[in-house]
Amino acid sequence: MSETVIRSITPAISIFSVPFKRFGLMKIGGRSTAVKLANNDIFIIPSSPLGEDVKAEIARLGGQVKYLVAPDFEHTMFTKVYSKEYPSALCIGPEGVDTKIPEVKWAGTYKTNGLAGADEKFGYEDEIETCYFKSHANKDIAFLHKPSKTLIEADLLFNLPCPEQGIPAGGLFGFMNISPGGAAHRGVVSMVSSADKKLYGQSAAIVAGWDFDRIIPCHGAVIETGGKEAWVSTNKNVIDAASA
């Protein structure tokens, strides 16, 4: 029986939530997100198994799977599986994924910190804006689905616990109780941005300037409203460092 919890967030957005343990120990959950664009192309962030139930939901959205986008350097374990199922889709990710998984035919990668450079346009930019965190330990990319005012991200913001991902309230490990704005989460941001906090803060400030209310994280509960405030409170220290 599938462990995937499938849910429609809007008529154009479906999420696929699963249990996942980092290092086989820390329950942080996992989630794929599929977005149907206005032209009927489907944009997918593949971060969970591709079961028959997932395929059926993607088919229900209608249209063609056009984009498979790895949201960071670590969230690539399902790219190959999805690309085999949807061979005409363009595979995109942060710099380095083409070397990490050379058997996947990558259409392009993000290299420019912050907003996408002129050669980093892939066809979904009218509806989905991106911001690359070049100095993040995992090379993360933030995605803004402008029509629904939804921020989609992988390891930039956590919102745990999350029963939908098999993580009930409580637990033995801090990662099971990490929520936006808290001291633990600010500590995680400090750690993953240590390569260049100012550069990281520049990207965080760009995202803070976007128009969004909802956040769909790969790890944790969906924030249906108040997402902008959650983002700013979590990243205040690095945003301040960037403007100092």
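The values are calculated or read from the model by the stated rules, or taken from the named source; none is laboratory data. The structure displayed is predicted, hence computed values, not measured ones. Neighbour counts run over all protein chains shown; Cβ positions are idealised from the backbone, glycine included.
Could you list all residues from the stretch 30-81 that are among the polar types (S, T, N, Q) and surrounded by fewer than 20 Cβ atoms within 10 Å (Cβ to Cβ)?
Within the stretch 30-81, N39, N40, Q64 meet the criteria.
Please verify whether the stretch 204-213 includes one or more residues that are part of a helix (DSSP H, G or I), surrounded by 15 or more Cβ atoms within 10 Å (Cβ to Cβ), in contact with a His (Cβ under 7 Å, 6 or more places away or on another chain) and at pLDDT 95 or above.
No, every residue in the stretch 204-213 fails to be part of a helix (DSSP H, G or I), surrounded by 15 or more Cβ atoms within 10 Å (Cβ to Cβ), in contact with a His (Cβ under 7 Å, 6 or more places away or on another chain) and at pLDDT 95 or above.
Just the residues that are under 15 Å from G209 (Cβ atoms) and assigned to a helix (DSSP H, G or I), please, taken from the stretch 129-156.
Selection gives K146 alone.
Would you point out which residue out of I92, I6, I44 is modelled with pLDDT of 95 or more, of a type in the set (A, V, I, L, M, F, W, C), under 19 Å from E164 (Cα atoms) and not in a loop (DSSP other than H, G, I, E, B)?
Only one candidate passes the filter, namely I6.
Give all pairs with beta carbons closer than 7 Å in which a residue from the stretch 37-58 that is at positive phi meets a residue that is in a loop (DSSP other than H, G, I, E, B) and not aromatic (F, W, Y); count only pairs at least 6 apart in sequence or on separate chains.
The qualifying pairs are N40/G62; N40/G63.
Pull out all pairs, ordered by first then second residue, where Cβ-Cβ is under 8 Å, the residues are six or more apart or on different chains, the first lies in the stretch 187-198 and is closer than 15 Å to L156 by Cβ, and the second is among the β-branched types (V, I, T).
Close Cβ pairs satisfying both conditions: V188/I178; V189/T234; V189/V238; S190/V238; S193/V238; K197/V238.
Given the conditions (1) at pLDDT 95 or above; (2) of a type outside the set (K, R); (3) surrounded by fewer than 20 Cβ atoms within 10 Å (Cβ to Cβ), report the number of the one that Y110 does not fulfil.
All conditions are met except number (3).
Restricted to the stretch 118-150, and to residues that are without any contact (Cβ under 8 Å) to a residue 60 or more places away in the chain and within 24 Å of V238 (Cα to Cα), which residue is surrounded by the fewest Cβ atoms within 10 Å (Cβ to Cβ)?
Result: A137.
Search the stretch 211-240 for residues that are among the charged types (D, E, K, R) and pair each with any residue that is buried (at least 16 other Cβ atoms within 10 Å of the Cβ) and assigned to a strand (DSSP E or B) when their beta-carbon atoms are under 6 Å apart and the residues are at least 6 apart or on different chains.
From residues that are among the charged types (D, E, K, R), the pairs are R214/T150; E224/R214.
Of the residues in the stretch 19-40, how many are over 15 Å from T150 (Cβ atoms) and modelled with pLDDT of 95 or more?
Here the count works out to 2.
Within the stretch 69-79, can one find any residue that is aromatic (F, W, Y) and assigned to a strand (DSSP E or B)?
no
Residues checked against (1) on the phi > 0 side of the Ramachandran plot; (2) hydrophobic (A, V, I, L, M, F, W, C); (3) over 16 Å from the mean Cα position of the chain (by Cα):
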{"site": "L156", "(1), (2), (3)": "no, yes, no"}
{"site": "N159", "(1), (2), (3)": "no, no, no"}
{"site": "Q165", "(1), (2), (3)": "no, no, no"}
{"site": "A183", "(1), (2), (3)": "no, yes, yes"}
{"site": "K197", "(1), (2), (3)": "no, no, yes"}
{"site": "Y200", "(1), (2), (3)": "no, no, yes"}
{"site": "S203", "(1), (2), (3)": "no, no, no"}
{"site": "A221", "(1), (2), (3)": "no, yes, no"}
{"site": "G226", "(1), (2), (3)": "yes, no, yes"}
